[in-house]
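For reference, the structure is listed below as structure tokens.
The values are calculated or read from the model by the stated rules, or taken from the named source; none is laboratory data. Note that the coordinates shown come from a computational prediction; the quantities given were computed from them, not determined experimentally. Glycine gets a Cβ as well: all are built from the backbone with ideal geometry, and neighbour counts include every protein chain shown.
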């Protein structure tokens, strides 16, 4: 556990703290190897790239960086924007749905991590010559 995240949760409004602790537990369960830290002023989890953020607000807790996973069944009422969910303090978290959403995010990130680096398009010869390299046979002869 990260001390900065502990401090973030402790400093959050009292009404937000139970949701924040539950979200943290759900993330750590779904992605035990994820790196936990503060980024953009909120708890952030990295697993082969950006996994998820969460934050306390005045009347809700937000869950962010969810890509297309926000379209998960049963989560429609919490969607406030692409990749953003909001959970009001006065309602219980839909933990099974959040756990399924996090599992999908972990799978997406792991799939990206296993994509061969060679799958990216190599720079063209023309681009290399403009950058100062030479692709001409004649130019490379002594």
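Residue 7 meets the conditions (1) modelled with pLDDT of 95 or more; (2) under 25 Å from residue 91 (Cα atoms); (3) surrounded by 13 or more Cβ atoms within 10 Å (Cβ to Cβ) in every case but one. The failed one is (3). Scanning for something in a strand (DSSP E or B), under 21 Å from residue 13 (Cα atoms), modelled with pLDDT under 95 and under 10 Å from the mean Cα position of the chain (by Cα), does segment 78-87 turn up at least one residue? Looking through segment 78-87, none of the residues is in a strand (DSSP E or B), under 21 Å from residue 13 (Cα atoms), modelled with pLDDT under 95 and under 10 Å from the mean Cα position of the chain (by Cα).
Here residue 42 fits the description: touching a residue at least 24 places away in the same chain (Cβ under 8 Å), over 18 Å from residue 103 (Cα atoms) and touching a helix residue (DSSP H, G or I) at 6+ places or on another chain (Cβ under 9 Å). Condition test on residue 26, is it crowded, with 16+ Cβ neighbours inside 10 Å, out of contact with any strand residue (DSSP E or B) (no Cβ under 8 Å at 6 or more places or on another chain) and modelled with pLDDT of 95 or more? Answer is yes for this residue. For residue 74, the conditions (1) in a loop (DSSP other than H, G, I, E, B); (2) modelled with pLDDT of 90 or more; (3) surrounded by fewer than 16 Cβ atoms within 10 Å (Cβ to Cβ) are fulfilled apart from (2). Taken over segment 47-64, the criterion of being in a strand (DSSP E or B) and touching a helix residue (DSSP H, G or I) at 6+ places or on another chain (Cβ under 9 Å) is satisfied by 50, 51, 52, 54, 55, 56, 60, 61, 63.
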